Amino acid sequence: MFRVLTITAIAFLFAACSSSITEAEDNGVSFLNIEDGATLSSPFLLEMGVVGMEVEPKGAPREGYGHHHLLVNDDFAPEGTVIVADPRHIHYGGGQTNDTVSLDPGTYKLTLQFADGMHVSYGKSWAKSITVTVE
Ligand SMILES: [Cu+2]
């Protein structure tokens, strides 16, 4: 009996570990065309990707759906908080997955943040930050 329980527990643990590793690798947002540390000339093309959620225009929140946001010189928005709309917090509420971004020369932290149809953040696990230099 003890041995059966142990084997079951080990099998369960293994399954739990492998599924969380897969999620960590696969789910989330990404800068498709810009690498961390890149040097860019303004204006530049921004291509935004998401795996594990669907992109749709803003509107009534639906589980598993939302839109991208570009936060300039800001961290991810904590889960459950509304993302403000200003020149440093750009909403792609039309469901856009790319944009042409203009920034003055300098070094910037760029954060992609996925949020629901009412701009409520899905939190850190649905955000990605990079640092870029704009010439
Ligand atoms: Cu929004």
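The values are calculated or read from the model by the stated rules, or taken from the named source; none is laboratory data. Given the structure is predicted, the values throughout are model-derived calculations rather than measurements. All Cβ positions, glycine included, derive from the backbone under ideal geometry; neighbour counts span all protein chains shown. When the accessible area is computed, the model is the full protein with side chains, heavy atoms only, and any ligands, DNA or RNA have been set aside. Shrake-Rupley method; radii C 1.70, N 1.55, O 1.52, S 1.80 Å.
Data table
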| read-out | value |
| --- | --- |
| Given (1) away from the ligand (no atom under 11 Å from the Cβ); (2) surrounded by fewer than 15 Cβ atoms within 10 Å (Cβ to Cβ); (3) more than 16 Å from SER129 (Cβ to Cβ), index of the condition VAL55 fails | (2) |
| Restricting region 111-135 to residues that are within 16 Å of the ligand (Cβ to nearest atom) and aliphatic (A, V, I, L, M), the residue that is most open to solvent (accessible area, probe 1.4 Å) | MET118 |
| Matching residues in region 109-135 - criterion: being touching a Lys or Arg at 6+ places or on another chain (Cβ under 8 Å) and either part of a helix (DSSP H, G or I) or closer than 17 Å to VAL50 by Cβ (or both) | THR111, LEU112, ASP116, GLY117, HIS119, SER129, ILE130 |
| Where ALA85 falls short, out of the listed (1) under 15 Å from the mean Cα position of the chain (by Cα); (2) of a type outside the set (Phe, Trp, Tyr); (3) near the ligand (Cβ under 10 Å from one of its atoms) | (1) |
| Cross-chain or 6+ apart pairs with Cβ under 8 Å, region 86-98 first and closer than 11 Å to GLY117 by Cα, then more than 9 Å from the ligand (Cβ to nearest atom) | TYR92/MET48; TYR92/LEU70; TYR92/ASP99; GLY93/PRO57; GLY94/PRO57; GLY95/VAL55; GLY95/GLU56; GLY95/PRO57 |
